[in-house]
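Chemist: Mind having a look at this structure? Questions to follow.
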Amino acid sequence: MNSVALKMLLGDRVKFLGLVFGVAFAALLITQQASVFIGLMTRTGSTIVDAAEADLWVMDPSVEYLDTVFALRETDLLRVRGVRGVAWAVPFFRANAPVRTVGESGSPGGELQGAIVVGVDDSSLAGLPEDVALGSLADLRFPDAVAVDRAGYLLLWPGEELRLGRVLEINDRRAVLVAITDAAAPFTTNPLVHTRYSNALRFTNNGRNALSYVLVGAEPGVAAEQLALRVHKTTGLQARTQNQFHWQTVRYYLANTGIPVNFGTVVVLGIVVGIAVVGLLFNTFVLEHIQQFAALKAIGVGNLRLVGMVLLQSLIVGAVGYAFGLLLASLFFELGGKSVPLRGFRLPWQVAAAVAGLTAMIMVASTALGLRRVLFVDPATVFRG
Amino acid sequence: MGTSDHIALRARGIVKGFGTGSARQEVLRGIDLDIEAGRTTFLVGPSGCGKTTLISILTGLLGTDGGSVELLGTALESLRPAQRVKLRADNLGFVFQQFHLISALDATENAAVPLLVQGVPAREAHHRAAELLERLGMGAHRAKYPRSLSGGQQQRVAIARALVHRPRLLVCDEPTASLDATTGREVMELFADLTRESGVTAVVVTHDNRIFHFADSIAHMADGRIERVEARSLAPQQAQP
C-alpha cells in the first residue's frame, strides 16, 4: 500500500510541489538565519581565532568581552611571565583608528575607513593570523610595516588588484603595506590592520599603559584551564583559555544586543509559517482525498495502515522539502561566502541536523490535523451519494 | 457460526437511529433479513427508507443500536474493529455509486488495490487485475486514469476492484445511478455474468426498477422496515468450477 500512498501524493503534482515548497522555504529560512547568526557570533571573537597560538588571554578583571579593554600595566606582562607553567607571554594591543589611503603621487585623500589596529609582540610576532594572501608577515619587522586583511584591502582600494608596497596613513602616520592576510572576518566590516606592538601604539597615539591583553603560551604538558586558574590566583588578573574567552565574548553579545532576538524571531517565523503553509496544504490534500481514504477503509484498509500511508506521504514531503531547502541554503553560503560581506559564513552540520529535527517537528504538526481526519473519517460515507 | 450454510448474511431485529432527544430520528425499526448464499439480492425502496444505513450495518461499517448481524457465519458484534476490517478485506467486495476510484492510480492499479490490501505482491496483483479488466472489456483502457474514463468505464474498473480478490460477498450501492440507461444495462449484464460465474453472493442497493430483472430476490424497504421479500427465481445459482 506504500506505492498507493506515494502515487496519491505524487499524483497531485501542484499540491505536492506546494507542500515541498512550503517545507523547503521554512528549511531554507531557518537554516540560513541560524547559520548567519552563528557566523556573526563567531565573528565577535575573530581576533581570538586569529591568535591561534595563544593558549591563554590575560586581561584586566573588569573586561567582559574582546572589544572593550581596560589597559594593563607593562609590569603585568612581567608578572604573568613569572607564573609557573607559562612558556611565553607577549603583549597584545587592539584598538580602533582611522585609516586613509595615499595616492601614487604621495598625496593623502583616498578612501577613509575606520580600522581595527592589532599590535603583536615586536620580536616574536605572536598573535598574527596564519593565512596570508600576499606577502610575508615576517616583513612586519620593517619600519612602518603593516598587514591588511583581504576584505579590508578591497574596502581601501576598491576594485584594485592585490599589490604590496602601497602607502596608508593611520592617524596621520605613514604605514606601508607589506602583506595581505586572510584573517578571520571581524564582527564589523572594518579593515583589520596587523602591525608590531610598538607601531600600533604609535599609530593610535596611545601613551603608557596601553597593553590590551597578554597572550600566553603554556609549557608542554600544562593544561590551559589549570594555567588560567594559576595566572588568576598569582596575578589577580583575569585569565581565559582561547575557547573560554571566545565564548565569553559570544555570551556578551547574546546578552547585550538584540541580535539573538532578531534572528530568533525570524527562525520562529520560519517554523510558524512552515507549519501554517504545510499544515494548510496537507490538510487540503487529505480533504480532497478523504473519500478515497474512506473507500480504502471500507475495502479493508485498517487505521494503522492508513496512518502509515499518511506518515509516509508526510515523510516524503518533509525529506524532499528539507533536502531542497538545505540545497538552496548551501548554494547561498557557497556563492555568498565568496563575497566580502559574507566571507566566513558557512552552514554548520549542527545547524543542518537541528533543522532536520525542526522540519520533522513541522511535518508532525502539519500532518496531525490531516491524520486525525483520516483516522476519524466514517467509511460508511462511501455509500452516501 | 450460527448461520446456515445457504445463508450468507442474516440480520435480526436491527434498530438504528441518529441524533438525540427531540432531534432523534429512527432510521431502521427492526430489520429481519436473510441473504441467501450464491444469489443476487436487491435491496430496493424509496430514498430515505434506510437502505444505505442497512447496507453499512450489514457490512460492518456502522454499528447498530440493537439487533444482530451474522456475516458469512460470523456475528459482527463479537468482532473487534480490526477483525471487522480483516473480514471485509478478505471476504467483501464493494461497488460504490460514486465509484471512489483513486484518482492517482490507473485502471489496473485501482483494480489491484484489494489484492495489495491482502498483501499480494504488486506484480501479481497487477497481473490479476489486468486479466479481469480484459474480461470486462477494459483491455484498451487498463493504463488510463479515472479522469480519462467514462462513467461506464469507471464502473467496470470498480467492478473489477470489487471482484479481483474473489470475495464471498459483493455489495453494490446504486450501481447504475451514475450511468445512462444503455451503459447501466451493459454494466449490469456484465455484473450478472461475473457473479453467476463466480458464485458470489451479491447484495445490490438500488431504486432503478429497470434492472430489477437481474435479481434473484428483491427485498422491499419502506420507512425503516423490510416490507416484503420477493423471490424472482427459486434455484440458487451454481458456481462454475
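Chemist: Any idea which of A:329, A:246, A:21 is furthest toward the positive side of the dipole for chain A, if Lys and Arg beta-carbons carry +1 and Asp and Glu beta-carbons -1?
Modeler: Going by the charge dipole, the pick is A:21.
Chemist: Another question about this same structure. Please give me, ordered by residue number, the trypsin sites (Lys or Arg not before Pro) of segment A:12-80 that lie in loop per DSSP and have at most 14 other Cβ atoms within 10 Å. Each step should come with its number before you reach the end.
Modeler: On the way: sites: A:13, A:15, A:43, A:73, A:79; in loops: A:73.
Sites meeting the loop and neighbour criteria: A:73.
Chemist: How much accessible surface area, in Å² rounded to 10, belongs to the heavy atoms of residue B:62 with a 1.4 Å probe?
Modeler: 30 Å²
Chemist: Going by a ≥ b ≥ c, the root eigenvalues of the Cα gyration tensor, does segment A:191-276 fall in the rounded group (a/c under 1.5), the prolate group (a/b larger than b/c) or the oblate group? Walk me through the numbers on the way to the answer.
Modeler: Numbers: a/c = 3.10, a/b = 1.68, b/c = 1.85.
It comes out oblate by the Cα gyration axes.
Chemist: Total accessible area buried between chains B and A, 1.4 Å probe, in Å² to the nearest 100? Numbers along the way, then the final one.
Modeler: Working: alone 11410 and 18040 Å², together 27250 Å².
Approximately 2200 Å², summed over both chains.
Chemist: So, one more: Rounding to the nearest 20 debye, state how big the charge dipole of segment A:142-245 is about its Cα centre with +1 on each Lys and Arg Cβ and -1 on each Asp and Glu Cβ.
Modeler: On the way: 11 positive and 9 negative charges, 78 e Å.
So the magnitude is around 380 debye.
Chemist: Using a 1.4 angstrom probe on heavy atoms only, work out the carbon and sulfur share of the accessible area of the protein assembly as shown in %. Show your work: numbers first, answer last.
Modeler: Working: 15190 of 27250 Å².
After summing per-atom areas, the C and S share lands at 56 percent.
Chemist: For segment A:90-212, what D do you get in µm² per second when you plug the Kirkwood radius from alpha-carbon pairs into Stokes-Einstein at 10 °C and 1.306 mPa s?
Modeler: Value of D from the Cα-based Kirkwood radius: 113 µm²/s.
Chemist: I would also like to ask the following. Can you pull the mean other chain C-beta count within 10 Å for peptide B:51-64? Kindly include the intermediate steps, with their values, before the conclusion.
Modeler: Details: counts 1, 6, 3, 1, 2, 8, 1, 0, 4, 3, 9, 4, 1, 0.
Rounded to a whole number, the mean comes out at 3.
Chemist: Order B:136-142, B:154-160 from most to least packed using the mean count of other Cβ atoms within 10 Å.
Modeler: B:154-160, B:136-142
Chemist: Based only on the alpha carbon positions, what is the Kirkwood hydrodynamic radius of segment A:243-385, in angstrom? Display every interim value, and only then the final one.
Modeler: Details: mean 1/r = 0.0549 Å⁻¹.
Final number for the Kirkwood radius of segment A:243-385 is 18.2 Å.
Chemist: Now a separate question. So how long is each side of segment B:32-128 along the principal axes, counting just the alpha-carbon atoms, biggest first, in Å?
Modeler: Principal extents (largest minus smallest coordinate, Cα): 43, 32, 25 Å.
Chemist: Kindly sort A:247, A:157, A:88 by accessible area of their heavy atoms, largest first, with the probe set to 1.4 Å. Provide the component values of the computation, followed by the final result.
Modeler: Details: A:247 135, A:157 10, A:88 85 Å².
Accessible-area ranking of A:247, A:157, A:88, largest first: A:247, A:88, A:157.
Chemist: For peptide B:95-104, compute the average count of partner chain beta-carbon atoms within 10 Å of each residue's beta-carbon.
Modeler: On the way: counts 0, 9, 4, 6, 2, 11, 2, 10, 7, 12.
What the average comes to for B:95-104 is 6.
Chemist: Which of the DSSP-defined H helices in chain A satisfy a minimum axial length of 18 Å, computed from C-alpha atoms, and a minimum mean Kyte-Doolittle hydropathy of 0.5?
Modeler: Working: long enough: A:13-43 (43 Å, 1.35); A:242-256 (21 Å, -1.12); A:259-288 (43 Å, 2.05); A:303-336 (48 Å, 1.62); A:349-376 (40 Å, 1.40).
Membrane-span-like by this rule: A:13-43, A:259-288, A:303-336, A:349-376.
Chemist: Could you tell me the accessible area of residue B:223 in Å² (1.4 Å probe, neighbours in place), rounded to the nearest ten?
Modeler: The accessible area comes out at roughly 100 Å².
Chemist: Quick one: angle between helix B:151-163 and the longest Cα principal axis of chain B, in degrees between 0 and 90, rounded to 10, please.
Modeler: With rounding to tens, the tilt is 70 degrees.
Chemist: Continuing with this model, one more query. Just the accessible area for residue A:332, please: 1.4 Å probe, Å², rounded to the nearest 10?
Modeler: Roughly 70 Å² of residue A:332 is accessible to a 1.4 Å probe.
Chemist: Then there is this: Relative contact order, percent, of chain A when contacts are C-alpha pairs under 8 Å separated by at least 6 residues? Mind dumping the intermediate values first?
Modeler: On the way: 676 pairs, mean separation 109.0, N = 385.
Relative contact order for chain A comes out at 28 percent.
Chemist: Let me ask you something else. Assuming a ≥ b ≥ c are the square roots of the Cα gyration tensor eigenvalues, decide whether chain B counts as rounded (a/c under 1.5), prolate (otherwise, with a/b larger than b/c) or oblate.
Modeler: Cα axes put chain B in the prolate bin.
Chemist: Can you show me the helix-derived [θ] at 222 nm for chain B, built from DSSP H runs with n ≥ 4 at -39,500 (n - 2.57) apiece and divided by the number of residues, rounded to the nearest 500.
Modeler: Details: 6 runs with 75 residues, N = 241.
One gets -10000 deg cm²/dmol as the mean residue ellipticity at 222 nm.
Chemist: Between helix B:107-117 and chain B, what is the angle of the helix's C-alpha long axis to the longest principal axis, kept within 0 to 90° and rounded to the nearest 10?
Modeler: Result, in degrees: 60.
Chemist: Dipole size in debye (nearest 20) for segment A:90-212 around its Cα centre, Lys and Arg Cβ +1, Asp and Glu Cβ -1? Working shown, then result.
Modeler: On the way: 11 positive and 14 negative charges, 85 e Å.
Taking the Cα centre of segment A:90-212 as origin, the dipole is about 400 debye.
Chemist: Projecting each Cα onto the charge dipole of segment B:134-185 (Lys/Arg +1, Asp/Glu -1 at the beta carbon, about the Cα centre), which of B:169, B:139, B:182 comes out farthest on the positive side?
Modeler: B:139
Chemist: Any lysines with Cα under 22 Å of the residue B:16 Cα? List them, leaving off those in the same chain fewer than 8 positions away.
Modeler: Partners found: A:297, B:51.
Chemist: Another one. Could you tell me what percent of the DSSP beta bridges with both partners in the protein assembly as shown are antiparallel, to the nearest 5? Please report the intermediate quantities before stating the final value.
Modeler: Working: 59 of 87 bridges.
Expressed as a percentage, antiparallel bridges in the protein assembly as shown total about 70.
Chemist: Report Rg/Rh for segment A:133-194, rounded to two decimals, where Rg is the Cα radius of gyration and Rh the Kirkwood radius.
Modeler: Numbers: Rg = 10.8 Å, Rh = 11.6 Å.
Answer for segment A:133-194: 0.93.
Chemist: Next question. Please compute the contact order of segment A:90-212 in relative form: average sequence separation of alpha-carbon pairs under 8 Å and at least six residues apart, divided by the residue count, as a percent.
Modeler: Working: 277 pairs, mean separation 44.4, N = 123.
Reported relative contact order: 36 percent.
Chemist: Place a +1 charge on the Cβ of each Lys and Arg in chain B and a -1 charge on the Cβ of each Asp and Glu, then give the dipole magnitude about the Cα centre in debye, rounded to the nearest 20. Mind showing how you got there, number by number?
Modeler: Numbers: 27 positive and 26 negative charges, 88 e Å.
The dipole magnitude comes to about 420 debye.
Chemist: In addition: Kindly sort A:16, B:191, A:21 by accessible area of their heavy atoms, largest first, with the probe set to 1.4 Å. The partial results should precede the final answer.
Modeler: Working: A:16 30, B:191 10, A:21 130 Å².
From most exposed to least exposed: A:21, A:16, B:191.
Chemist: Return the ratio Rg/(2.2 N^0.38 Å) for segment A:249-292, where Rg is computed over Cα atoms only.
Modeler: Compactness ratio reported: 1.97.
Chemist: Any idea how far the Cα center of segment B:72-127 sits from the one of segment A:35-112, in Å?
Modeler: Spelled out, the Cα-based centre of one part sits 74 Å from the other.
Chemist: Using heavy-atom solvent-accessible surface (probe 1.4 Å) with all chains present, what is the largest-first order of B:174, A:53, A:334? Before the final figure, lay out each step's value.
Modeler: Working: B:174 15, A:53 85, A:334 110 Å².
Greatest to least solvent exposure: A:334, A:53, B:174.
Chemist: Would segment A:20-68 count as rounded, prolate or oblate if I go by the C-alpha gyration tensor, calling it rounded below 1.5 in a/c and otherwise prolate when a/b exceeds b/c, oblate otherwise?
Modeler: prolate
Chemist: When the convex hull of the C-alpha atoms of segment A:64-134 is computed, what volume per residue in Å³ does it have?
Modeler: Values: hull volume 12.1 nm³, N = 71.
In segment A:64-134, the Cα hull volume divided by residue count equals 170 Å³.
Chemist: Also, I was wondering about something else. Taking amide H positions as placed in the peptide plane 1.01 Å from N, state which residues far from residue B:218 in sequence (5 or more) or on other chains have amide H under 5 Å from it.
Modeler: B:42, B:230, B:231, B:232
Chemist: Right, something else. Of the options B:215, B:71, B:127, report the single residue whose Cα projects farthest towards the positive end of the charge dipole of chain B (beta-carbon charges: Lys, Arg +1; Asp, Glu -1).
Modeler: Comparing the listed Cα positions along the dipole, B:127 ranks first.
Chemist: Next question, about the same structure. Show me, bin by bin at 5 Å from 0, the whole-percent P(r) of segment A:1-144 based on Cα pairs.
Modeler: Histogramming segment A:1-144 at 5 Å steps yields 2, 7, 10, 13, 13, 11, 8, 7, 6, 5, 4, 5, 4, 4, 2, 1, 0 percent.
Chemist: With every protein chain kept in place and ligands, DNA and RNA left out, what is the accessible area per residue of segment B:146-209? Probe 1.4 Å, answer in Å².
Modeler: 35 Å²
Chemist: Still on this model: Cut-off under 18 Å on the C-alpha distance; same-chain residues fewer than 8 positions from residue B:144 excluded. Which aspartates and glutamates are left, in chain and number order?
Modeler: A:12, B:106, B:109, B:131, B:134
Chemist: Taking N as the number of residues in segment B:1-81, what value does Rg over Cα atoms divided by 2.2 N^0.38 Å take?
Modeler: Details: Rg = 13.1 Å, N = 81, 2.2 N^0.38 = 11.7 Å.
The reported ratio for this selection is 1.12.
Chemist: Could you tell me what % of all Cα pairs in segment A:273-341 have separations over 13 Å? Intermediate results must be reported in sequence, preceding the final value.
Modeler: Values: 1755 of 2346 pairs.
Cα-Cα pairs in segment A:273-341 separated by more than 13 Å: 75 percent.
Chemist: Taking the Kirkwood radius as the inverse of the mean 1/r across Cα pairs, report the Rg/Rh of chain A.
Modeler: Using Cα coordinates only, the ratio equals 1.19.
Chemist: When you count, for each residue, the other Cβ atoms within 10 Å and take the mean per peptide, how do A:189-202, A:166-179 rank with the highest first?
Modeler: Values: A:189-202: 22.2, A:166-179: 19.1.
Per-residue mean Cβ counts within 10 Å order the peptides as A:189-202, A:166-179.
The values are calculated or read from the model by the stated rules, or taken from the named source; none is laboratory data. Everything numeric in this text was worked out from a predicted model, so none of it was measured. For neighbour counting, all protein chains shown are included, and Cβ atoms are generated from backbone atoms with ideal geometry for every residue, glycine included. Note: accessible area is taken over every heavy atom of the protein model, side chains too, but ligands, DNA and RNA are not part of it. Shrake-Rupley method; radii C 1.70, N 1.55, O 1.52, S 1.80 Å.
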